Amino acid sequence: MPKRIRKPSLKKSLAARTSTKRIVKNAVGLKAPKGWGWLTNPKKAAYNRSYNRGSVSLWSIIRKLFR
């Protein structure tokens, strides 16, 4: 299966980094360690793993061009 390029969305990228849910979780210390997605939400973790392996970020392509 060929890798597809993910369509970048500046709006969604900014929203994910500045969401109140994220800020509260970090402040309270409720964030699970990296790699614990399988324990917290296995269905979402399986989807994300296959999605990330089957697609390429436009930013990673641009980064490789300017190395």
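Here, each number is a calculation from the coordinates, and none is a lab measurement. Just so you know, these numbers come straight off a predicted model, no measurement behind them. Heads up, the Cβs are rebuilt from the backbone with ideal geometry, glycines too, and the neighbour counts pull from every protein chain shown.
Over the chain, dividing the summed -39,500 (n - 2.57) contributions of all DSSP H runs of at least 4 residues by the number of residues returns a 222 nm mean residue ellipticity of -16500 deg cm²/dmol. Computed about its Cα centre, the charge dipole of region 11-67 is approximately 100 debye, with only Lys, Arg, Asp and Glu carrying charge at their Cβ. Of all lysines in the structure, the ones whose alpha carbon falls short of 16 Å from that of Lys12, not counting any fewer than 8 places away in one chain, are Lys21.
If you take the square roots of the eigenvalues of the alpha-carbon gyration tensor of the chain and sort them as a ≥ b ≥ c, do you get rounded (a/c under 1.5), prolate (a/b over b/c) or oblate?
Numbers: a/c = 2.39, a/b = 1.44, b/c = 1.66.
Judged from the Cα gyration tensor, the chain comes out oblate (a/c at least 1.5, b/c at or above a/b).
The label-point distance for Ser57 and Lys25, in a model that sets each label 7 Å from Cα toward Cβ, rounds to 1.7 nm.
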